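Participant: This is the structure I have questions about; it appears just below.
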Amino acid sequence: MTARAFNACAAAATLATLAAVGCSSAPPSVDRAEPRILRIAYDREIDVLNPFTSQNLVDISFSMIEGLITTNERNEYIPVLAAKIPSEENGLVARQSDGSVTMTWSLQRNVRWHDGVAFTSADVCFTWRFVTGANSMTYNREQYLGIKKCETPDAHTVVFTWDGAYAYYAGLFEAILPRHVFMKADGRTEMTVDEIVNYEPYNRGRRTIGTGPFKFAEWKTGEYIRVVRNDDYWRGRDVPAMDEIVWAFIPDNNTRLLALKSGRYDWGRIQPTQVSALRALPGSDVHLIDANSVMHFDLAIRTDLGKALFGDVQVRRAIFHAIDREGMAKKLMEGAVKVAEGPINPNSPYNNPNVATFPYDLAEARRLLDDAGWTLGPDGVRRKEGRRFSFTMINRAGATDRILLAQVIQARLKEVGIEVGFETLESAAWTQRWRSGQWEAMVSAWFLPADPGITGLYACKGANNMTGFCEPALDEVLERSDRALSFEARKPLLDESQAKLSEQARMLPLYQNVMPEVVSRRIVGYRGSGTNFGSFWNLWSWELVSR
Amino acid sequence: MSAYILRRLAQMAPLIVGISIVVFALIQAAPGGPEAALLSSGRFVDPSVVEAYRVKLGVDQPVPVQYLRWAMTVLTGDLGVSYATMRPVTEMIAERLPATLELTASAFLVAAILAAILGLASALRPHSWTDLLSTGGSFVGIAMPVFWLGLILQLVLGVELGWLPVSGTHTVGASTLGDHLAHLILPALVLASRYVASWSQYFRSSLIGVLESDYIRMARAQGLSESRVLFVHTLPNAMAPMISVMALGLADLASGAVITETVFAWPGIGRLFVQAMFARDYPVLMGVLLMGAVTVIAFNLVADVLYGVLDPRIRYE
């Protein structure tokens, strides 16, 4: 019996009411002769196993289900089930005379689904048909709508015909669905989109099959998902080098922190504000993953108040100069993050470092506000034409780091005569308010794919532009960048977009987010990635070694 | 008695309908809708997908229409289908119920035994040090937030001393009965703490009340032994008021220990409720709340009936 098991029994024995505790429990062994089980303290509970309709499956999904591509730790798209990512340079992307673009994807050979059926190009076209179906509930369905035709010249080649050039093409098909699982009883007709969305055996695991290194084994609702080694993995029989992964659902941040501290888990994601509590955890390291996400301060002009306060670019600049971002990064975030100057990750080749910046300068902020006609009132708050410079930030309850940032912003703006109030809303309510555009300011962050496309955030009709800002000249550049297929063509357009965003002081980038991941030193092969696809992209090559 | 029970059962129906209307209205009044689940991951979501989702779920309809739809489904004996998992709510609740019942029953047992010991010790020597400590401890227990006590116990017993696991119900791949019970200790203790505190105080005052009554004085005057006075004459009478307190407590416990289950990642009804609340999964919320309402009403009835059984002075008409 190990010391820990003995202690557990000793503790139990002292509790008269629960004295029936058996004393044979043993914690998981790290002995290599035992099954090599990777234990993950997972930060959410999943809904369904269909990677397209699930709202939060990403990491678990990648252990079982593979796509044509994924992203690595350098924010690059890399092929998985595709043998190669098509591009104009390798000749697999061709512009047609009618304006359409064809893309030829050659697929890996000898890939089998977990039930032994061969993976073919028909599965890819089936996935395309599903995703683009009206009710597929796929979060980025619109990105696929440019594909007008999917052809399968042979079992290992797929040809997509796009209605025009579309720069994000390489980031689609992060998962592929097994067509044969979604056939009706007659074995010849494919299920409808609604039937696929509601197909319980796939959603719940009984028929959840992929081509990945692990196979579905068990889902205990509210507790964990367990996947086991795929002995027939297409990359070779010697991988993966782990027998099992248990994803324990521990959504509460504090409980997860303590669970990791107790040493019973090998991997877990924590909050940036919890880093110092786990830095010294024996046998583990805290990796600060450079996330493809910029924490930023957003202003909006869709309400009358927003328009009156923030409509003038000089005023926005003044506000941004009044915010001490270095202080936030160094003191509040304990130096774990770096100040950002734009929406695109500085590690991306598309980042433009030569943009207008907003150094912390209270004198400049006051001067700009004075020039804009906002003069200090007797109560210390600036006024213009009878209006006080006072607004409310909406905060999402539980988002500790963002609330702390909001408090710093509030304090700094007070110094230049701007009054900031808070309204803290529970997550769903916050989301509704954000979508409605009925807000003036918030601290926000997005998780971006590896592709640096920012059109959805900043174009006038951008799907996620809820601020009310609209600049047709910027739209034009952004739209052109979306149609540029090569780096050389796209880079100057995205550079120009970033410059325009800064000139217009559209939002204040605060810092480049980090995703702290606690990783046991037993794990070899972990290479954390900060894109929306997460850190499990190379799970097939992970190994567990004895401590 | 049976006429009384039948009448009470008949009264349950309109009560449950009333509760369901109020609860449905309250849930709908909370800002935000089920589309929040789509947007919570922080990734881009096409607005057309959000709208299609709302239409698919029917949450674009007026609230009375949504309620009637839900009520019609419930009348067929079905609690509807979860927005998030697309699974029958009945199935989801049934899946979580054993974990909640296990935790609840353990906590109930712990609370009842500890409350009885503390209440008895206090009542037998009122205003002594034992009583002061027990009463003081009870007030601390009542005042202490459950999540805080949970975190402290996790930190001390789970992390610092390494005696007990801090989350889940068992160690996957190394599960034994002992392992499972070790996982149960902390959540059961934390959940029990509040009830120990309040029940021991109820029990104390009930016992003191009985011990000071004339018939006890008479029993002692007749020369009955102190243990006979206590166990034969005092306890049964002091227990009567405890029945309703504990029955209601049990109903409260059975409807899901929301905070305890969240803090200990215990896969019961309470955690299902929290998840459903954040995702605005209306069918699951309604299912859990309806179950809670029925349980509370049913336990009320049980308490009333038991009260009559234990106290012959009470007659049902």
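Participant: Hey, how many Å between the Cα centroid of the range A:509-535 and the Cα centroid of the range B:289-311?
Facilitator: First find each Cα centre; the distance between them is then 52 Å.
Participant: Could you give the semi-axes, largest first, of the ellipsoid that matches the range A:289-441, computed as the square roots of 5 times the alpha carbon gyration tensor eigenvalues and rounded to whole Å?
Facilitator: 25, 20, 15
Participant: Need one value for A:420-432: mean number of C-beta atoms belonging to other chains within 10 Å of its residues' C-beta atoms.
Facilitator: The shielding value for this peptide is 5.
Participant: In 5 Å bins starting at 0, how do the alpha-carbon pair distances of the range B:248-317 split up by percent?
Facilitator: Final binned percentages: 3, 17, 19, 19, 13, 9, 7, 6, 5, 1, 0.
Participant: Another question about this same structure. Considering only Cα-Cα distances, which of the following residue pairs are longer than 21 Å: A:Lys331/A:Lys414; A:Lys330/A:Lys491; A:Lys331/A:Lys500?
Facilitator: Over 21 Å apart, Cα to Cα: A:Lys330/A:Lys491; A:Lys331/A:Lys500.
Participant: Which stretch or stretches of the range A:480-518 have amide N atoms under 19 Å from the point lying 7 Å from A:Lys148's Cα along the Cα→Cβ direction?
Facilitator: Flagged as within label range: A:483-485.
Participant: Could you list the trypsin sites (Lys or Arg not before Pro) in the range A:215-252 that lie in coil according to DSSP, counting only those with at most 10 other Cβ atoms within 10 Å of their Cβ?
Facilitator: Values: sites: A:Lys215, A:Lys220, A:Arg226, A:Arg229, A:Arg235, A:Arg237; in loops: A:Arg235, A:Arg237.
Counting only loop positions with at most 10 other Cβ atoms within 10 Å, the trypsin sites (Lys or Arg not before Pro) in the range A:215-252 are A:Arg237.
Participant: Continuing with this model, one more query. With a cut-off of 20 Å, note down the residues of the range B:263-282 whose backbone N falls inside the zone around a label point 7 Å from the Cα of B:Gln61 toward its beta carbon.
Facilitator: Residues B:280-282 qualify, since their backbone N sits under 20 Å from the label point.
Participant: Related question: If you count only protein heavy atoms and use a 1.4 Å probe, how large is the accessible surface of B:Glu51, to the nearest 10 Å²?
Facilitator: For B:Glu51, the solvent-accessible surface is approximately 90 Å².
Participant: Follow-up. With only alpha-carbon atoms in the gyration tensor, what are the semi-axes of the equivalent ellipsoid for the range A:402-547, in Å, largest first?
Facilitator: So the three semi-axes of the range A:402-547 are 32, 26, 14 Å.
Participant: As an exercise, take the mean of 1/r over every pair of distinct alpha carbons in the range A:242-341, invert it, and state the Kirkwood radius in angstroms.
Facilitator: Over the range A:242-341, the inverse of the mean reciprocal pair distance is 17.1 Å.
Participant: Find how much the distance from A:Ser276 to A:Asn253 grows on full extension, using 0.36 nm per residue of separation minus their present alpha carbon separation; answer in nm with one decimal.
Facilitator: 6.8 nm
Participant: Please list, by residue number, every one of the GluC sites (Glu not before Pro) in the range A:310-409 that is coil in DSSP and has at most 15 other beta-carbon atoms within 10 Å.
Facilitator: A:Glu334, A:Glu385
Participant: Per-residue HN-Hα couplings for the range A:145-158, Karplus 6.51 cos²θ - 1.76 cosθ + 1.60 at θ = phi - 60°, whole Hz, x for Gly and Pro?
Facilitator: So the Karplus estimates, Gly and Pro as x, are 5, x, 7, 9, 8, 10, 10, 10, x, 8, 5, 10, 9, 10 Hz.
Participant: A follow-up question, please. Can you give the direction-averaged projected area of the convex hull of the alpha-carbon atoms in the range A:153-276, in nm²?
Facilitator: Over all viewing directions, the range A:153-276 projects a mean Cα-hull area of 12.7 nm².
Participant: If we sort B:288-297, A:177-186 on the protection proxy, mean other Cβ atoms within 10 Å, highest first, what's the order?
Facilitator: Working: B:288-297: 19.3, A:177-186: 16.1.
Ranked by mean Cβ neighbours within 10 Å, highest first: B:288-297, A:177-186.
Participant: Count, for each residue of B:155-161, the Cβ atoms from other chains sitting within 10 Å of its Cβ, then give me the mean as a whole number.
Facilitator: Taking the mean over all residues of the peptide, I get 4.
Participant: Rounded to two decimals, what is the ratio between the C-alpha radius of gyration of the range A:118-181 and 2.2 N^0.38 Å?
Facilitator: So the Cα radius of gyration is 1.07 times the expected 2.2 N^0.38 Å.
Participant: Related question: Taking only complete DSSP H runs, can you tell me which helices of chain A stretch 20 Å or more along their own long axis by Cα positions and average at least 0.0 on the Kyte-Doolittle scale?
Facilitator: A:400-415
Participant: Using only the Cα atoms of chain B, each taken as one equal point scatterer with no solvent, compute I(q) by the Debye sum, divide by I(0), and report log10 of the ratio at q = 0.07, 0.11 Å⁻¹.
Facilitator: Result of the Debye calculation: -0.39, -0.86.
Participant: Can you give the direction-averaged projected area of the convex hull of the alpha-carbon atoms in the protein assembly as shown, in nm²? Before the final figure, lay out the partial values.
Facilitator: Values: hull surface 175.2 nm².
Seen from a random direction, the Cα hull of the protein assembly as shown projects 43.8 nm² on average.
Participant: On each of the three principal axes of the Cα atoms of the range B:199-317, give max minus min coordinate, whole Å, ordered largest first.
Facilitator: 66, 38, 16
Participant: Quick one: what do you get for the range B:71-214 if you divide its Cα Rg by 2.2 N^0.38 Å?
Facilitator: Normalised by 2.2 N^0.38 Å, the Cα Rg of the range B:71-214 equals 1.39.
Participant: Leaving out ligands, DNA and RNA but keeping every protein chain, what accessible area does A:Asp252 have, in Å² rounded to the nearest 10, with a 1.4 Å probe?
Facilitator: 40
Participant: Please list, short to long, the whole-number percent of alpha-carbon pairs of the range A:461-547 in consecutive 10 angstrom bins beginning at zero.
Facilitator: 13, 28, 26, 18, 13, 2
Participant: Next question, about the same structure. Going through the DSSP H helices of chain B, which span 27 Å or more along their own axis at the Cα atoms while scoring at least 1.6 as a mean Kyte-Doolittle hydropathy?
Facilitator: Once both thresholds are applied, what remains is B:282-310.
Participant: What Kirkwood hydrodynamic radius do you get for the range A:354-442 when you take the inverse of the mean 1/r over all pairs of distinct Cα atoms, in Å?
Facilitator: One over the average 1/r among Cα pairs gives 14.5 Å for the range A:354-442.
Participant: Quick one: ranking B:Thr169, A:Thr424, B:Thr73 by accessible area, 1.4 Å probe, largest first, what do you get?
Facilitator: Largest accessible area first, the list is A:Thr424, B:Thr73, B:Thr169.
Participant: Give me the percent of Cα-Cα pairs in the range B:144-217 that sit more than 19 Å apart, rounded to a whole number.
Facilitator: On the way: 1409 of 2701 pairs.
Roughly 52 percent, rounded to a whole number.
Participant: Please get the size of the charge dipole for the protein assembly as shown, origin at its Cα centre, with Cβ charges of +1 on Lys and Arg and -1 on Asp and Glu, quoted in debye to the nearest 20. Please report the intermediate quantities before stating the final value.
Facilitator: On the way: 81 positive and 86 negative charges, 260 e Å.
Charge dipole, the protein assembly as shown, about its Cα centre: 1240 debye, nearest 20.
Participant: Average partner chain C-beta neighbours within 10 Å, per residue of B:174-186?
Facilitator: 6
Participant: Moving on to the next point. Which lysines, if any, have their Cα less than 25 Å from the Cα of A:Lys220, not counting same-chain residues under 8 positions apart?
Facilitator: Within reach: A:Lys261.
Participant: I'd like the FRET efficiency for A:Ser486 and A:Cys460, computed as 1/(1 + (r/R0)^6) with the beta carbon distance as r and R0 of 25 Å, rounded to 0.05.
Facilitator: Rounded to the nearest 0.05, the efficiency is 0.45.
Participant: Something else now. Once you mark the trypsin sites (Lys or Arg not before Pro) that are in a DSSP loop and have at most 12 other Cβ atoms within 10 Å, what is the longest gap between them in chain B?
Facilitator: In short, B:1-312.
Participant: Here's a follow-up. For the range A:93-149, what's the radius of gyration and Dmax over Cα atoms, in angstrom?
Facilitator: Just the Cα atoms of the range A:93-149 yield Rg and Dmax of 14.1, 43 Å.
Participant: Let me ask something else about it. Taking amide H positions as placed in the peptide plane 1.01 Å from N, state which residues far from A:Glu471 in sequence (5 or more) or on other chains have amide H under 5 Å from it.
Facilitator: A:Cys460
Participant: Sticking with this one: Taking the Cβ of B:Leu230 as the centre, find all other residues whose Cβ is under 15 Å away and add up their charges (Lys, Arg: +1; Asp, Glu: -1). Write down the numbers at each step before the final one.
Facilitator: Values: positive: B:Arg125, B:Arg204, B:Arg217, B:Arg220, B:Arg228; negative: B:Glu212, B:Glu226.
Within the 15 Å Cβ shell, the charges total +3.
Participant: Roughly how far apart, in whole Å, are the Cα centres of the range A:425-489 and the range B:63-94?
Facilitator: 36
Participant: Counting each DSSP H run of 4 or more residues in chain A as -39500 (n - 2.57), what helix-only mean residue ellipticity at 222 nm follows after dividing by all residues, to the nearest 500 deg cm²/dmol?
Facilitator: -7500 deg cm²/dmol
Participant: Summing +1 for each Lys or Arg and -1 for each Asp or Glu, what net charge is found among the other residues whose Cβ lies under 14 Å from the Cβ of B:Gly209?
Facilitator: Residues near B:Gly209 contribute -1 overall.
Participant: A further question follows. What is the calculated FRET efficiency for A:Ala122 to B:Val23, with r their C-beta to C-beta distance and R₀ = 51 Å, to the nearest 0.05?
Facilitator: Given R0 = 51 Å and the Cβ-Cβ separation, E is 0.60.
The values are calculated or read from the model by the stated rules, or taken from the named source; none is laboratory data. Being a predicted model, the structure only gives us computed values, none of them experimental. Using ideal geometry, Cβ is built from the backbone for each residue, glycine included, and neighbour counts are taken over all protein chains shown. In case anyone asks, the SASA skips ligands and DNA or RNA and just uses the protein heavy atoms, side chains included. Shrake-Rupley method; radii C 1.70, N 1.55, O 1.52, S 1.80 Å.
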